[in-house]
Amino acid sequence: MGKNTDNRTLRLRSGVTLTKVTAIRNVLKWAQQGNTKGCGFYIAAYNICEDMAQRYSVPVHVVAGVIAALSPQTPWDSNVRLAESYFAGRQLKGIPAIRVYKCNEILRADMERVADILNGPKTVAFYWNILGDSERVTIDTHATYSCFYGPDIEVRHGEFFTPFKSGNPKAAQYRFLESVYKVAARKAGLEPSTLQARVWAAVRDRKGRNEHRVEVPF
């Protein structure tokens with residue numbers, strides 16, 4: 001974050017400014033869209049991991065770690081298929097080598113070590129969310145979108161931009177967006193991970209009309 005950023009305002013070098021009040025309001029608006037099917041996402045995700053773990057004789061946390069390692073910029077259904085292919089020993093075409101390396105390391109790791117291997121705020125949060133930690137928040141592109149844009153703003157295909165220079169928020173920026181979700185969750189009376197999954201489903205469906213639609217297991 002820029003040097004003038006505090007815990008109430010996100011100021012980026014690009015000139016983009018986002019106040020926490022505005023971001024919280026946007027997130028709560030998304031949560032009120034009536035799309036509640038995302039609330040069961042992490043339970044369903046854990047069940048998928050448990051099933052895969054039994055079929056491939058590996059611990060559940062290993063499956064969750066592999067899914068998290070393969071998750072960046074990957075729709076959920078594709079994410080699950082990639083993990084299935086990995087455990088089945090099929091080649092993962094088009095996947096960056098670093099992600100495959102992490103998967104290989106995760107195979108031999110205990111639960112805490114998996115988080116160290118993932119080594120990224122989004123993938124680590126996703127990993128723990130799948131395993132039942134409801135206090136962490138997975139800040140993906142949909143979560144970022146929900147903070148910057150409310151559901152009352154129509155953003156046409158191709159016009160949504162990720163305002164972070166690298167495409168992903170840095171650690172301090174991630175904490176800012178995560179804190180937005182935690183405050184919004186308290187206001188909504190939901191666990192942070194449940195709110196994130198619910199908003200994710202609402203944003204996905206809205207953007208799906210203009211971009212793409214993916215199937216989800218709930």
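The values are calculated or read from the model by the stated rules, or taken from the named source; none is laboratory data. This structure is a prediction, so every number in the text was calculated from the model and none was measured. Glycine gets a Cβ as well: all are built from the backbone with ideal geometry, and neighbour counts include every protein chain shown. Accessible surface is based on the protein model in full, side chains and every heavy atom, while ligands, DNA and RNA are left aside. Shrake-Rupley method; radii C 1.70, N 1.55, O 1.52, S 1.80 Å.
See the values below:
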{"quantity": "Of the criteria (1) farther than 17 Å from G38 by Cβ; (2) at pLDDT 90 or above; (3) of a type in the set (D, E, K, R), which one R198 fails", "calculated": "(1)"}
{"quantity": "Residue satisfying condition, being under 27 Å from A171 (Cα atoms) and not hydrophobic (A, V, I, L, M, F, W, C), within set S57, S78", "calculated": "S78"}
{"quantity": "Listing of helices (runs of 4 or more DSSP H) fully contained in segment 4-106 that carry 2 or more residues being of a type in the set (D, E, K, R)", "calculated": "20-31, 41-56, 76-87, 97-106"}
{"quantity": "Among the candidates Y174, Y181, residue that is touching a helix residue (DSSP H, G or I) at 6+ places or on another chain (Cβ under 6 Å), buried (at least 18 other Cβ atoms within 10 Å of the Cβ) and modelled with pLDDT under 95", "calculated": "Y174"}
{"quantity": "Residue in segment 75-95 that is free of Cβ contacts under 8 Å to residues at least 40 places away in the same chain, hydrophobic (A, V, I, L, M, F, W, C) and loosely packed, with under 15 Cβ neighbours inside 10 Å present", "calculated": "yes"}
{"quantity": "Per-region count, segment 19-42, residues among the aliphatic types (A, V, I, L, M) and open to solvent by 60 Å² or more (accessible area, probe 1.4 Å)", "calculated": "1"}
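For (1) outside any loop (DSSP other than H, G, I, E, B); (2) touching a residue at least 60 places away in the same chain (Cβ under 8 Å); (3) under 29 Å from A184 (Cβ atoms), each residue gets a yes or a no:
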{"position": "K122", "(1), (2), (3)": "yes, no, yes"}
{"position": "F126", "(1), (2), (3)": "yes, no, yes"}
{"position": "S134", "(1), (2), (3)": "no, yes, yes"}
{"position": "T144", "(1), (2), (3)": "yes, no, yes"}
{"position": "C147", "(1), (2), (3)": "yes, yes, yes"}
{"position": "D152", "(1), (2), (3)": "no, yes, yes"}
